[in-house]
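The values are calculated or read from the model by the stated rules, or taken from the named source; none is laboratory data. Bear in mind that the values here come from a model prediction, so they are computed numbers and not experimental data. Heads up, the Cβs are rebuilt from the backbone with ideal geometry, glycines too, and the neighbour counts pull from every protein chain shown. Only protein heavy atoms, including side chains, enter the accessible area calculation; ligands, DNA and RNA are left aside. Shrake-Rupley method; radii C 1.70, N 1.55, O 1.52, S 1.80 Å.
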Amino acid sequence: MTTSTGISGLSAMIAAAKIDEIYEVVRTHKKQLSSFGFTRGYLGVSVFTYLYAVHSGKKQYLDDARDAFDHACDLVDSDPLKAYPQDFAGLGAVAQYLCQVSVLDLDPNVFLSDIDAVLLKKMRAELYTGNLGGFANGALGYGLYFLQRSYYNRPFAQPVIEELVQGIVRYAIPTGEGCYWKSGVNGHHTRSPLYSPSETTAVLLFLARSIEMGLCPADFLEGIVNEAIIYIDNQQPDPNAEIGYALLRTGAAFGNPAWTRDGLDMLRKYAKCRQEHSSSMRDAGLHYGAAGLALLFDRAARLTYDQTLEDAASFWYRQILRFDMHTDGFAGYKTSENPWNMQKNLAFCEGIAGIGSALVKALHPDKVNFDDLIWLL
């Protein structure tokens, strides 16, 4: 068993056994989850279960994935921690993803019609107050939902994307050294986990994907994106995955080889730095840990065919297995934050559902792709 990311031999055998173990633990303990959402609840279980069906080659697990999705829908009204826009953007993305892979037999445009109307109203309210936010909050979080909706209902989603893009341009904050965006809620920048890009990098990723999908014109946005990249450069950031990936994607969307080159160089430096300091990695999860880095480098390597990034993806996929060290954890794993929180340890974002999904990706790179679900646009 060999993959393009270098998972082979004994590592692949260990990974396959670990995926089986994770599935059994998730199946046994999933009733502990009280959230319907993708990152924290049953929608994440449904995606992992589908991926496990691909891994195992057994179609009966598709029924389990469908059941988990149905249970997530049943929990929407009772979920005490449901969050706009994140959980509902996840519902739309997962529903469409599972339809695309023939797990669900429903029309997303009918299923999501009521949610479309609610989230459009909320997006406009955030735009009115100037709160662009990031992918987990603010107008941009709702925009991510409509970006996903354009796969199934482009005539409805494209004008919404255009409206948001106008807001992005309107709320750019000019400085003497370029421009940036910030949240209207917290009003400051914070260094975010991998799968929660900060405001400016989230804007760049959103615009890059919108342009690639033909939802808005590149020439209208090139000037303001250039100003944003000037601002980032002037901050002289240390190499990090968030900025490197955003530059890489923006360069590809705008056909700007200098931006692409800068993004690739930063990702290469970041890959080297993280491997040299691998002992400081916090856990195996998607949010802060080895699985998140593996998937990011995997995605970047597939876009660039770069050997350094491919090697980095392979390294971090193998590192996932090294975190299997907690005899009192779930399938040997614990989150670095709130390690005794059962729901976090199970869930997709920080727990074993996401870890198992990353291992499936490592072993079956040409059969599964869930990059859109984790903001690797």
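Each Lys and Arg contributes +1 and each Asp and Glu -1, all at the Cβ; summed about the Cα centre of the range 1-160, the dipole is approximately 360 debye.
Among the trypsin sites (Lys or Arg not before Pro) within the range 63-141, not one is in coil by DSSP while having at most 11 neighbouring Cβ atoms inside 10 Å.
Heavy atoms only, probe 1.4 Å: what % of the accessible area of the chain goes to carbon and sulfur, would you let me know? Exposed carbon and sulfur together represent 50 percent of the surface.
With contributions of -39500 (n - 2.57) from each DSSP H run of at least four residues, the per-residue ellipticity at 222 nm computed over the chain stands at -20000 deg cm²/dmol. The residues of the range 9-138 expose on average 44 square angstrom of accessible surface per residue, using a 1.4 Å probe on protein heavy atoms.
Classify the chain as rounded, prolate or oblate from the Cα gyration tensor: take a ≥ b ≥ c as the square roots of its eigenvalues, call it rounded if a/c is under 1.5, otherwise prolate when a/b beats b/c and oblate if not. Oblate, because a/c is 1.5 or more while a/b does not exceed b/c.
Peptides 258-267, 142-151 ranked from most to least packed by the mean count of surrounding Cβ atoms within 10 Å: 142-151, 258-267. Would you mind classifying the range 203-244 by shape? Square roots of the alpha carbon gyration tensor eigenvalues, ordered a ≥ b ≥ c; an a/c under 1.5 is rounded, otherwise it is prolate if a/b is larger than b/c and oblate if not. Cα axes put the range 203-244 in the oblate bin. A 1.4 Å probe run over the range 213-303, with the rest of the protein chains in place, finds 41 Å² accessible per residue. Each residue of the range 300-306 is assigned a 3J(HN,Hα), and the resulting list reads 5, 5, 6, 7, 10, 6, 8 Hz, derived from the Karplus form 6.51 cos²θ - 1.76 cosθ + 1.60 (θ = phi - 60°), x at Gly and Pro.
Packing, as the average of other Cβ atoms within 10 Å across residues, places the peptides 33-44, 129-140, 315-326 in the order 33-44, 129-140, 315-326, highest first.
Between the residues Ile19, Phe146, Phe88, the greatest Cα displacement towards the positive end of the dipole of the chain, with unit charges on the Cβ of Lys, Arg, Asp and Glu, is found for Ile19.
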